[in-house]
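What follows is a single structure, written as structure tokens, with notes after it.
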């Protein structure tokens, strides 16, 4: 029976027309599946389903997601990450795995990422808070300064002085939530191809059910970034919010909204 599959041009280009047509005809596509994003059951005979191709250096894994959770797309990962993902889900394609931070400006620093729910305009929004472990200087320069926020502002992040409204969407950037876990923040490729990882987790990061539910509701995540020493690792969301408010008041916070997935 034909499946209600979405196969993007990018996925078709990777797997070939013959394989794509077989998928659409229902020959190689599963009926039921676990969504690679929200991890709840899906049925490609009953609802729109996206094909998501995770591509490593030598192999690729095809996964399936509710079309309402993720669009059909190609996600580039390393071979090691891909094999780790396959092992972690028992050989069933489920999502991208992990690596290290790849931001050019952060080669000598680790980007700490904390997830939490932030109340903005009367609604709870899923948020990621990014803070380096040490000052970040502009590539090719030396000194004791910290260019983390200026570098992000040049990428399109907006300075925040108070958390009273949802920041604008940063087009081309996205947050990869796969296999029910947080894997990466993706940014546009300099060459205009597939998105590349701005940050990737060393291990998939667990998020709470309420965080994932809010992300699926809004279909976007708010990302806040602050220089080292501005936020800290706060054990509770109320303390995290207090730290965000203080960083904003001190002019040390930038933000952007990012879709759950994007090209």
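The values are calculated or read from the model by the stated rules, or taken from the named source; none is laboratory data. Predicted, not measured: the structure shown is a model, and the values here were computed from it. Because the Cβ atoms are built from the backbone with ideal geometry, glycine has one as well, and the counts that use them run over all protein chains shown.
When residues in segment 232-257 are screened for being part of a loop (DSSP other than H, G, I, E, B) and out of contact with any helix residue (DSSP H, G or I) (no Cβ under 8 Å at 6 or more places or on another chain), 5 of them pass. Condition check: surrounded by fewer than 19 Cβ atoms within 10 Å (Cβ to Cβ), assigned by TED's automatic domain parsing to the domain that holds residue 182 and over 14 Å from residue 114 (Cα atoms). Does residue 238 satisfy that? Spelling it out, it is not the case that residue 238 is surrounded by fewer than 19 Cβ atoms within 10 Å (Cβ to Cβ), assigned by TED's automatic domain parsing to the domain that holds residue 182 and over 14 Å from residue 114 (Cα atoms).
Only one of 180, 145 is surrounded by fewer than 19 Cβ atoms within 10 Å (Cβ to Cβ) and either at pLDDT 90 or above or not assigned by TED's automatic domain parsing to the domain that holds residue 42 (or both). Can you tell me which? Spell out the reasoning first.
Working: 180 fails: surrounded by fewer than 19 Cβ atoms within 10 Å (Cβ to Cβ).
Within the list 180, 145, the selection yields 145.
Remark: pairs (first residue in segment 180-209, free of Cβ contacts under 8 Å to residues at least 40 places away in the same chain; second residue part of a loop (DSSP other than H, G, I, E, B); Cβ separation under 8 Å; 6+ apart in sequence or on different chains) = 187/172; 187/173; 187/195; 188/172; 188/173; 188/195; 189/195. Residue 220 passes every criterion in (1) at pLDDT 95 or above; (2) closer than 30 Å to residue 54 by Cα apart from (1).
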